[in-house]
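Engineer: This is the structure, below, for whatever I ask next.
The values are calculated or read from the model by the stated rules, or taken from the named source; none is laboratory data. Predicted model only: the values in this text are computed from it and were never measured. Methodologically, a virtual Cβ is constructed for each residue, glycine included, from the backbone with ideal geometry; neighbour enumeration extends over all protein chains shown. Quick note on the areas: whole protein, heavy atoms, side chains included, nothing else; ligands and nucleic acids left out. Shrake-Rupley method; radii C 1.70, N 1.55, O 1.52, S 1.80 Å.
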Amino acid sequence: MTKKISLTGIKPTGIPHFGNYIGAIRPALKMLENSSTEGIYFIADYHSLTTMHDGKTLRENSYEVAASWLACGLDPEKTTIYLQSQVPEVMEFNWIMACFTSKGLMNRAHAYKALVQRNEEAGRDQDQGINMGIYTYPILMACDILIHKSDYVPVGEDQLQHIEMARDMANVFNHTYKKEAFKLPEGIAQKGVLLPGLDGRKMSKSYNNHIPLFLPEKKLRKMVMKIQTDSQPPETPKNPDDSLIFDLYKYFTTEQQQQELADWYRRGIGWGEAKQQLFEAMNAEIAPARERYNELMADKAQIDKALQMGAEKVRPQIQEYLREIKELIGVG
Ligand code: TRP
């Protein structure tokens with residue numbers, strides 16, 4: 001039996017933070033390890049182009065994201081990883097699908113609607129600052145998914161509407177030609193673990209409470225030491241269940257380590273010592289990946305090689321598929 005295909009696109013936004021690692025990268029890699037599905041990951045650089053118009057930064061971000069996944073353990077021999085723009089066939093698909101997508105469907109996209117609403121609230125023209133790439137973003141995303149005949153698409157909840165749209169587009173096409181030309185993908189909502197950030201709220205770049213994943217050891221320690229604590233003296237017994245430091249500690253340690261630190265809290269622990277324990281746990285988790293990350297970023301040819309391997313692997317199948325579709329619609 002052929003394997004089911006699980007596909008995910010990652011927008012290149014630079015070095016991930018610990019929240020991305022705990023919430024998305026670590027669970028995704030764990031799932032790949034003992035999964036019977038074939039994993040395909042791609043860096044969605046054309047999707048980033050909708051908002052990022054600085055060439056150097058966009059390219060660097062793509063490298064950083066690719067290097068992060070590779071460093072954290074994605075094996076390019078087992079899991080396909082490629083750069084979206086290195087599979088140009090998707091752009092041919094993109095035009096084809098655009099001709100089967102109603103404008104009204106795009107008008108209903110949450111992301112687009114939010115931008116329009118923001119403009120209206122600010123008393124601006126409703127389309128100010130919205131380029132056609134943003135508007136048709138869901139079409140390109142549908143193509144990313146449909147060209148691989150993907151079965152599953154694990155995404156954050158905010159992306160589920162886009163998967164529904166991909167299904168709509170595939171349906172319209174299939175109906176038109178009375179043929180199951182496109183497979184209907186299934187969105188899999190990744191609830192994900194939400195790691196708290198330095199201020200206790202969900203770790204997020206937009207709250208600026210995040211810890212970048214590959215900070216040098218010294219800088220990582222410095223950031224952990226900046227976590228705010230109260231002025232209780234070390235000998236005062238403390239409640240581990242009411243401590244951001246302990247909360248964070250849990251994501252990087254075994255139950256036994258947690259038990260030991262909880263006991264120490266109850267006996268009385270200095271906040272500096274508690275933070276040192278947290279830093280050591282985080283550092284132990286990430287140090288091997290950080291080393292690989294730094295190696296990859298110092299020799300980008302290694303990253304290029306992995307990405308090229310991915311593109312070379314998927315392109316022949318996609319080209320064949322594209323030929324069939326073009327035959328069906330009567331072009332080419
Ligand atoms: N839009 C997705 C995001 O912002 C990224 C993405 C692009 C994607 N193409 C995709 C995700 C295809 C899944 C499948 O996170």
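Engineer: Express the relative contact order of the chain as a whole percentage, based on alpha carbon pairs under 8 Å and six or more residues apart in sequence. Mind showing how you got there, number by number?
Structural biologist: Details: 439 pairs, mean separation 73.2, N = 332.
After rounding, I find 22 percent.
Engineer: Can you flag which of 219/275; 103/183; 179/326; 56/313; 4/149; 149/313 are past 18 Å Cα-Cα? Kindly include the intermediate steps, with their values, before the conclusion.
Structural biologist: Working: 219/275 14 Å; 103/183 22 Å; 179/326 14 Å; 56/313 27 Å; 4/149 9 Å; 149/313 15 Å.
Pairs exceeding 18 Å: 103/183; 56/313.
Engineer: Calculate the translational D of the stretch 99-201 in whole µm² s⁻¹ from Stokes-Einstein, where the hydrodynamic radius comes from the Kirkwood formula applied to all Cα pairs, the temperature is 37 °C and the viscosity 0.692 mPa s.
Structural biologist: On the way: Rh = 15.4 Å.
Result for D is 213 µm²/s.
Engineer: Could the peptides 25-32, 147-154 be put in order, highest first, of the mean number of other beta-carbon atoms found within 10 Å of their residues? Spell out each step's value before the answer.
Structural biologist: Working: 25-32: 17.1, 147-154: 20.8.
Ranking the peptides 25-32, 147-154 by packing returns 147-154, 25-32.
Engineer: What does the convex hull of the Cα atoms come to per residue for the chain, in Å³? Each step should come with its number before you reach the end.
Structural biologist: On the way: hull volume 51.9 nm³, N = 332.
Each residue corresponds to 156 Å³ of Cα convex hull volume.
Engineer: Next question, about the same structure. Express as a percent, rounded to the nearest 5, the fraction of DSSP beta bridges in the chain (both residues included) that run antiparallel. Can you show the working numbers first?
Structural biologist: Numbers: 2 of 17 bridges.
For the chain, the DSSP antiparallel bridge percentage is about 10.
Engineer: Using unit Cβ charges (K, R positive; D, E negative) and no other charged atoms, how large, in debye to the nearest 20, is the dipole of the chain about its Cα centre?
Structural biologist: Dipole about the Cα centre, nearest 20: 240 debye.
Engineer: Please list, short to long, the whole-number percent of alpha-carbon pairs of the stretch 217-292 in consecutive 10 angstrom bins beginning at zero.
Structural biologist: 19, 53, 24, 4, 0
Engineer: Further, regarding this structure: Could you order 241, 54 so the one with the most accessible surface comes first? Probe is 1.4 Å.
Structural biologist: Working: 241 120, 54 75 Å².
From most exposed to least exposed: 241, 54.
Engineer: What FRET efficiency do you get for residue 225 and residue 117 if R0 is 51 Å and r is their Cβ-Cβ distance, rounded to the nearest 0.05?
Structural biologist: On the way: r = 41 Å, r/R0 = 0.80.
The pair residue 225/residue 117 has a calculated efficiency of 0.80.
Engineer: Over the Cα atoms of the stretch 17-108, how large are the radius of gyration and the largest Cα-Cα distance (Dmax), in Å?
Structural biologist: My reading of the Cα-based Rg and Dmax gives 15.9, 42 Å.
Engineer: Over the Cα atoms, compute the radius of gyration (one decimal) and Dmax (the largest Cα-Cα distance, rounded to a whole number) for the stretch 167-256, in Å.
Structural biologist: 22.9, 75
Engineer: When the accessible area of the stretch 217-292 is split by element with a 1.4 Å probe, what percent falls to carbon and sulfur?
Structural biologist: Working: 2030 of 4470 Å².
Here it works out to 46 percent.
Engineer: Shape verdict for the stretch 149-202, please, from the Cα gyration tensor: rounded (a/c under 1.5), prolate (a/b greater than b/c) or oblate.
Structural biologist: Numbers: a/c = 7.07, a/b = 3.60, b/c = 1.96.
Prolate shape, in that a/c is at least 1.5 and a/b is the bigger ratio.
Engineer: Note down the Stokes-Einstein diffusion coefficient of the stretch 205-332 in µm²/s, whole number, using a Kirkwood radius over alpha carbon pairs, 4 °C, and 1.567 mPa s.
Structural biologist: On the way: Rh = 18.6 Å.
Rounded to a whole number, D works out at 70 µm²/s.
Engineer: Hey, what's the chain come to in accessible area per residue, 1.4 Å probe, Å²? Let's see the in-between values first.
Structural biologist: Working: 17600 Å² over 332 residues.
Value returned for the chain: 53 Å² of accessible area per residue.
Engineer: Answer with one residue from 48, 236, 281: the one whose Cα lies farthest towards the positive end of the charge dipole of the chain, charges on Cβ with Lys, Arg +1 and Asp, Glu -1.
Structural biologist: Working it through, the farthest residue towards the positive pole turns out to be 48.
Engineer: Rounded to the nearest 20 Debye, what is the dipole magnitude of the stretch 190-332 about its Cα centre when Lys and Arg each give +1 and Asp and Glu each give -1 at the C-beta?
Structural biologist: Details: 22 positive and 21 negative charges, 98 e Å.
I would put it at about 480 debye.
Engineer: Taking a probe of 1.4 angstrom, what is the accessible area of residue 50 in Å², to the nearest 10?
Structural biologist: 20 Å²
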